[in-house]
1. From (1) without any contact (Cβ under 8 Å) to a residue 60 or more places away in the chain; (2) assigned to a helix (DSSP H, G or I); (3) surrounded by 22 or more Cβ atoms within 10 Å (Cβ to Cβ), pick out the condition that doesn't hold for residue 310.
2. Report the residue count in the stretch 176-227 for those that are in a loop (DSSP other than H, G, I, E, B) and surrounded by fewer than 16 Cβ atoms within 10 Å (Cβ to Cβ).
3. Under 15 Å from residue 118 (Cα atoms) and crowded, with 23+ Cβ neighbours inside 10 Å, is that true of residue 49?
4. Looking only at the stretch 49-68, decide whether some residue is free of Cβ contacts under 8 Å to residues at least 24 places away in the same chain and closer than 29 Å to residue 208 by Cα.
5. Mind telling me which of the residues 285, 311, 262, 276 ends up being touching a helix residue (DSSP H, G or I) at 6+ places or on another chain (Cβ under 6 Å) and either over 16 Å from residue 249 (Cα atoms) or assigned by TED's automatic domain parsing to the domain that holds residue 181 (or both)?
6. Go through (1) at pLDDT 85 or above; (2) assigned to a loop (DSSP other than H, G, I, E, B) one by one and return the number of the condition residue 166 breaks.
7. Looking only at the stretch 232-271, count every residue that is in contact with a strand residue (DSSP E or B) (Cβ under 7 Å, 6 or more places away or on another chain) and touching a residue at least 24 places away in the same chain (Cβ under 8 Å) and tell me the total.
């Protein structure tokens, strides 16, 4: 255990995270794995892309998470006519009534919030999508030569529909890489669906109480970076990432199915997500299981399959699962 962290600190954070899960569960039925991945992104300080068919409560899940913390929240509905200034803000001409002088004033856009919901992000052209790029990477917006810092913590939680491609603009690879995790939202189980129907067709409206402050989230993010990871697990993470690169890999199926593999940023994301997952489960050391669980949401938007893979119905998840089977594991899960 690190010198600056006590069991009491870890227990207090665990209580806060349990309370946060309970508040989210007041509105969201099931989807435990999805909520865990969102909280992993929060603890790691990264952005998340949620993908799922319409009607799976992606937007509601993000809004509920925002309601359960003491942070500002803004939603941007991405449409084909959305302009970059609709995201970052614009300058307006104002007049000082005392002196009569006119001056330009920057009016901040909706990106100036702690949590930004980019709803249906693939429905707007690349020029507007790119307006988020600097904000997501640099935590600042530059307009007219002036840099405006964003609030901390800052999260972009984006949604997209995987089945309707008419009138959509696939996200550029550079922007996809800015998302720490690509989270898949699946259909609920039968019992959960019955509960959804019961809750949402009556007269009761659940309320969510904020349980975490911005300072507590920042402290948790700092703590997540202190989570230990052994040299053997770091080497294993590097082997996983390098095994996805066609020019470097020794795996024939990777060369057959992938055009491009994961970059070093993917390795950083894999380790950070594993650290956050360990903290989420009350541990201050990464295990092999943490790395393996983080691999799918970290890599599914960073592996570019080729035409042969598409023709054979092979997805990035299929490649990642096979890489996990083929790459030798450390002898000890905590080595």
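1. Going through (1) without any contact (Cβ under 8 Å) to a residue 60 or more places away in the chain; (2) assigned to a helix (DSSP H, G or I); (3) surrounded by 22 or more Cβ atoms within 10 Å (Cβ to Cβ) one by one, residue 310 breaks only (3).
2. From the stretch 176-227, those in a loop (DSSP other than H, G, I, E, B) are 177-178, 185-189, 201-211, 226-227; that's our starting set.
Filter once more, keeping what is surrounded by fewer than 16 Cβ atoms within 10 Å (Cβ to Cβ): 186-187, 189, 201-207, 209-210, 226.
Looking only at that region, the number is 13.
3. Values: under 15 Å from residue 118 (Cα atoms): yes; crowded, with 23+ Cβ neighbours inside 10 Å: yes.
Considered against the rule, which asks whether it is under 15 Å from residue 118 (Cα atoms) and crowded, with 23+ Cβ neighbours inside 10 Å, residue 49 comes out as yes.
4. Filtering the stretch 49-68 for residues free of Cβ contacts under 8 Å to residues at least 24 places away in the same chain gives 55.
Narrowing further to those that are closer than 29 Å to residue 208 by Cα: 55.
Within the stretch 49-68 (the criterion being free of Cβ contacts under 8 Å to residues at least 24 places away in the same chain and closer than 29 Å to residue 208 by Cα), the answer is yes, since at least one residue qualifies.
5. Result of the check over 285, 311, 262, 276: 276.
6. The failed condition is (1).
7. Restricting attention to the stretch 232-271, the residues satisfying the condition of being in contact with a strand residue (DSSP E or B) (Cβ under 7 Å, 6 or more places away or on another chain) are 244, 246, 257-260, 269.
Those still in the list that are touching a residue at least 24 places away in the same chain (Cβ under 8 Å) too: 244, 257-260, 269.
Result for the stretch 232-271: 6.
The values are calculated or read from the model by the stated rules, or taken from the named source; none is laboratory data. The model shown is predicted, which means the values in this text are computed figures rather than measured ones. Cβ coordinates were reconstructed from backbone atoms using ideal geometry, including for glycine residues, and neighbour counts include every protein chain displayed.
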